[in-house]
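Since the structure comes first, as structure tokens, the remarks are kept for the end.
The values are calculated or read from the model by the stated rules, or taken from the named source; none is laboratory data. Being a predicted model, the structure only gives us computed values, none of them experimental. Please note: Cβ atoms are built from the backbone with ideal geometry, for glycine as well, and neighbour counts cover all protein chains shown. For accessibility, only protein heavy atoms count, side chains too; no ligands or nucleic acids. Shrake-Rupley method; radii C 1.70, N 1.55, O 1.52, S 1.80 Å.
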Amino acid sequence: MSERLIFTSATTVALVHALDDAFVGRQPGVDFGQHAVAAALAVVAALAAIAAFGRLRPGLRAAIALAFGAFALVNGGLHVAHIAVDAPSNSDLTGALAAVAGAVLVGLGIAIALRHRARGPRRWVNRAVGAGGGLIVAVLVVMPVGVAITQTHKYREPIGEPPSAAYREVRFPAADGLRLAGWYAPSKNRAAVIIVHGGGGDRTGSRDQAALLARHGYGVLVYDARGRGESEGSPNAYGWGWEHDVAGALRFLRGRPDVDPERIGGLGLSTGADVLIEVAAERRDLAAVVGEGATVRSFADYRKAGLDALAPSSWTLMAATRAFSGSAPGEPLKELVREISPTPLLLIAGGRGAAAPGGGEFGLSKMYAEAAREPVEFWGLPAGRHTAAIRERPEEYERRVVGFFDDALVKPGSA
């Protein structure tokens with residue numbers, strides 16, 4: 001079988017999955033046109049590559065096969081993983097076929113490279129140039145696009161039963177109409193806290209924080225962000241569009257007879273912290289905010305944080321994320337955090353990974369705390385892991401977080 005026929009067949013299988021993912025097997029609540037740009041890009045890229053493949057030099061043929069194979073493997077692999085943990089749904093079946101096609105394309109790329117190895121006195125120079133060029137393309141294009149695929153195609157996992165009988169199943173609309181699912185523990189002190197989970201998680205990832213606040217009498221609303229758990233919509237691990245989910249959660253709590261509408265706070269973990277920074281900057285019905293593990297969520301954030309060394313790959317990452325998700329980020333967090341005052345803000349950051357550009361999570365959250373106006377507090381944990389303070393420092397976490405919400409939300413004699 002010819003190289004071109006193998007490439008055409010495998011790429012067509014991957015393209016069929018892309019169209020299924022965008023239009024036929026799209027997630028519940030997703031408009032028909034939300035992923036039209038991603039589908040159009042897939043069609044153009046696939047057809048152009050198929051048309052040109054036979055006329056390209058072996059090195060380019062190998063590179064294109066490897067790149068297309070990597071993308072199909074990443075996307076299809078997520079569907080295979082979902083089938084392994086839950087029943088197949090939506091575009092999982094074509095996704096599994098795309099994973100096979102991706103493996104075929106990667107194998108084809110390797111075979112082409114080995115079959116057409118450079119020969120003659122300049123072969124080592126040619127190989128070095130090819131390897132260097134391949135590395136640059138991998139770092140600036142293949143890897144960022146692969147990450148963007150995972151950030152916008154993370155599969156849903158089963159949610160299971162509520163943590164205890166204190167919680168009840170709830171469903172409510174986001175501000176843009178998507179139906180969200182969650183758990184709610186009624187308030188005993190007239191105050192309530194919305195908990196927003198991290199980008200790749202769902203409501204189950206904030207059980208510990210919910211239990212702590214409920215134990216102190218707070219109403220607690222934990223829910224699956226759009227595209228996660230049992231909520232409608234497409235996933236986006238950077239939290240683009242999640243501000244509509246928080247707006248819906250606020251509306252839900254304001255309608256609760258056990259909650260004083262002026263005593264609603266928010267606690268965000270990782271991406272959830274980024275989202276609450278945006279929400280608190282743009283509206284005043286959050287009376288207090290705790291953000292743990294805030295980092296970056298847009299190309300502008302990278303630039304504002306001085307991470308210019310990462311600009312080329314981060315631009316590709318964010319551009320691909322916009323294309324795949326059909327959504328866009330809000331304003332830079334460093335700018336938004338200045339607008340939160342007079343709402344009280346507590347930022348928590350772990351220190352592991354502080355050697356990363358920008359100081360990692362610790363450096364970025366500290367930068368946001370310094371940019372914010374009073375009242376703001378920063379609790380840095382130099383040896384702490386990402387969003388793990390409640391497990392690593394439980395007593396201090398309880399004292400700081402509960403004390404912060406008590407000061408901001410629980411007025412004398414209100415309990």
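What helices (runs of 4 or more DSSP H) completely inside segment 90-196 contain at least 1 residues that are at pLDDT 95 or above? Of the helices (runs of 4 or more DSSP H) lying wholly inside segment 90-196, those with at least 1 residues that are at pLDDT 95 or above span 92-115, 143-153. Here is the figure for segment 5-32: residues that are touching a Phe, Trp or Tyr at 6+ places or on another chain (Cβ under 9 Å) and modelled with pLDDT under 95 total 2. Name every residue in segment 20-31 that is surrounded by fewer than 17 Cβ atoms within 10 Å (Cβ to Cβ) and part of a helix (DSSP H, G or I), in order of residue number. Once the filter is applied, which keeps residues that are surrounded by fewer than 17 Cβ atoms within 10 Å (Cβ to Cβ) and part of a helix (DSSP H, G or I), segment 20-31 yields PHE23, VAL24.
For segment 376-391, a residue qualifies if it is touching a strand residue (DSSP E or B) at 6+ places or on another chain (Cβ under 7 Å) and either in a loop (DSSP other than H, G, I, E, B) or more than 14 Å from PHE404 (Cα to Cα) (or both), and the qualifying residues are GLY380, LEU381, GLY384, ARG385, HIS386, THR387, ALA388, ALA389. Quick check on segment 51-75: of everything there that is within 16 Å of ILE110 (Cα to Cα) and among the basic types (Lys, Arg), which residue is modelled with the lowest pLDDT? Among those that are within 16 Å of ILE110 (Cα to Cα) and among the basic types (Lys, Arg), it is ARG57.
How many of the residues making up segment 164-177 are within 24 Å of ARG254 (Cβ to Cβ) and surrounded by fewer than 18 Cβ atoms within 10 Å (Cβ to Cβ)?
Within segment 164-177, the subset within 24 Å of ARG254 (Cβ to Cβ) is 166-177.
Still in the list and also surrounded by fewer than 18 Cβ atoms within 10 Å (Cβ to Cβ): 166, 168-171, 173, 175-177.
Summing the residues that are within 24 Å of ARG254 (Cβ to Cβ) and surrounded by fewer than 18 Cβ atoms within 10 Å (Cβ to Cβ) in segment 164-177 gives 9.
Every residue, every condition in (1) buried (at least 22 other Cβ atoms within 10 Å of the Cβ); (2) closer than 24 Å to GLY326 by Cα, yes or no:
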{"site": "ILE50", "(1), (2)": "no, no"}
{"site": "PHE53", "(1), (2)": "no, no"}
{"site": "VAL74", "(1), (2)": "no, yes"}
{"site": "HIS79", "(1), (2)": "yes, yes"}
{"site": "ILE83", "(1), (2)": "no, no"}
{"site": "ASN90", "(1), (2)": "no, yes"}
{"site": "VAL104", "(1), (2)": "no, no"}
{"site": "LEU114", "(1), (2)": "no, no"}
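Of all the listed residues (ARG297, ARG226, ARG322, ARG303), the sole one being basic (Lys, Arg), open to solvent by less than 10 Å² (accessible area, probe 1.4 Å) and farther than 22 Å from VAL410 by Cα is ARG297. Is it fair to say SER313 is out of contact with any helix residue (DSSP H, G or I) (no Cβ under 7 Å at 6 or more places or on another chain) and either surrounded by fewer than 19 Cβ atoms within 10 Å (Cβ to Cβ) or within 30 Å of GLU392 (Cα to Cα) (or both)? Judged against the criteria, SER313 is not a match.
Considering the conditions (1) under 24 Å from LEU317 (Cα atoms); (2) open to solvent by less than 10 Å² (accessible area, probe 1.4 Å); (3) not in a loop (DSSP other than H, G, I, E, B), ALA249 is excluded by exactly one of them, (1). Can you find a residue that is of a type in the set (Asp, Glu) and touching a residue at least 40 places away in the same chain (Cβ under 8 Å) anywhere in segment 236-244? The answer is yes; a qualifying residue exists. Under the condition of being open to solvent by 10 Å² or more (accessible area, probe 1.4 Å), farther than 28 Å from GLN151 by Cα and touching a residue at least 12 places away in the same chain (Cβ under 8 Å), the residues counted in segment 253-283 number 7.
Using the structure shown, decide if VAL279 is more than 16 Å from ALA371 (Cα to Cα), part of a loop (DSSP other than H, G, I, E, B), at pLDDT 95 or above and of a type in the set (Val, Ile, Thr).
Values: more than 16 Å from ALA371 (Cα to Cα): yes; part of a loop (DSSP other than H, G, I, E, B): no; at pLDDT 95 or above: yes; of a type in the set (Val, Ile, Thr): yes.
Taking the combined requirement at face value, the residue does not satisfy it.
Sort out which residues of segment 199-223 are within 25 Å of LYS154 (Cβ to Cβ) and either of a type in the set (Asp, Glu) or open to solvent by less than 20 Å² (accessible area, probe 1.4 Å) (or both), and write them in order of number. Residues satisfying the conditions are GLY199, ASP202, ARG203, SER206, ASP208, GLN209, ALA210, VAL220, LEU221, VAL222, TYR223.
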